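Here is the structure we will look at.
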Amino acid sequence: KHRGSKDKNHDLICDTFRMLGCTVADMATCGVSDLPDVVVGLMGFDVQVEIKNPDTAYGRRGLTDGQARYARDWAGRKPVVVYTVDEAVALVQNWRRG
């Protein structure tokens, strides 16, 4: 995957977050390497989300070296990896409970 491309499940997961009342800033095509794909906002908080496609070998490998470095070095809340719509729903449900 090169910067500016999106996984096949990217738009579906973004739409799911929006349907659950979240705002979504799509960073996938901003041209900055290794940033998480989206920033999701809800209830006054944000979470960075890296979307991976479990249907591809690339997606199943998880974070790239650059994405892992970003996550390690980021001083704020660490990015979350989401593979499926169900994981996006669970993230929001947990967020609302927490």
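The values are calculated or read from the model by the stated rules, or taken from the named source; none is laboratory data. Only a predicted model underlies this, so the values are computations on that prediction, with no experimental measurement involved. Here Cβ is always computed from backbone atoms with ideal geometry, including for glycine, and neighbour counts include all displayed protein chains. SASA here: full protein model, heavy atoms, side chains in, ligands and nucleic acids out. Shrake-Rupley method; radii C 1.70, N 1.55, O 1.52, S 1.80 Å.
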- So what J values fall out for region 27-37 if you push phi through Karplus, 6.51 cos²θ - 1.76 cosθ + 1.60 with θ = phi - 60°, rounded to Hz, Gly and Pro as x? 9, 4, 10, 7, x, 9, 4, 6, 5, x, 5
- In whole percent, how big is the carbon plus sulfur part of the accessible area of the chain, probe 1.4 Å, protein atoms only? 55 percent
- Note on the structure: Cα convex hull volume per residue for the chain, in Å³, equals 95 Å³
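At 0.36 nm per residue, and after removing the present C-alpha to C-alpha distance, how many nm does the segment from D55 to A90 gain when stretched out fully? Don't jump to the answer; show the numbers that get you there.
On the way: separation 35, 0.36 × 35 = 12.60 nm, distance 1.97 nm.
Contour length minus Cα-Cα distance gives 10.6 nm.
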- Query: How high is the relative contact order of the chain, in percent, with contacts defined as C-alpha pairs under 8 Å that are six or more residues apart?
  - Reply: 27 percent
- Item | Gain upon complete extension [R97, M19; 0.36 nm per residue less C-alpha separation] | 26.3 nm
- Message: Out of all DSSP beta bridges in the chain, what portion is antiparallel? Express it as a percent rounded to 5.
- Response: 75 percent
- How much length is gained if the chain between D34 and V80 is pulled fully straight, taking 0.36 nm per residue apart and subtracting their Cα-Cα distance, in nm to one decimal? 15.2 nm
- Mean Cβ count within 10 Å, highest first, over the residues of peptides 81-91, 66-76: 81-91, 66-76
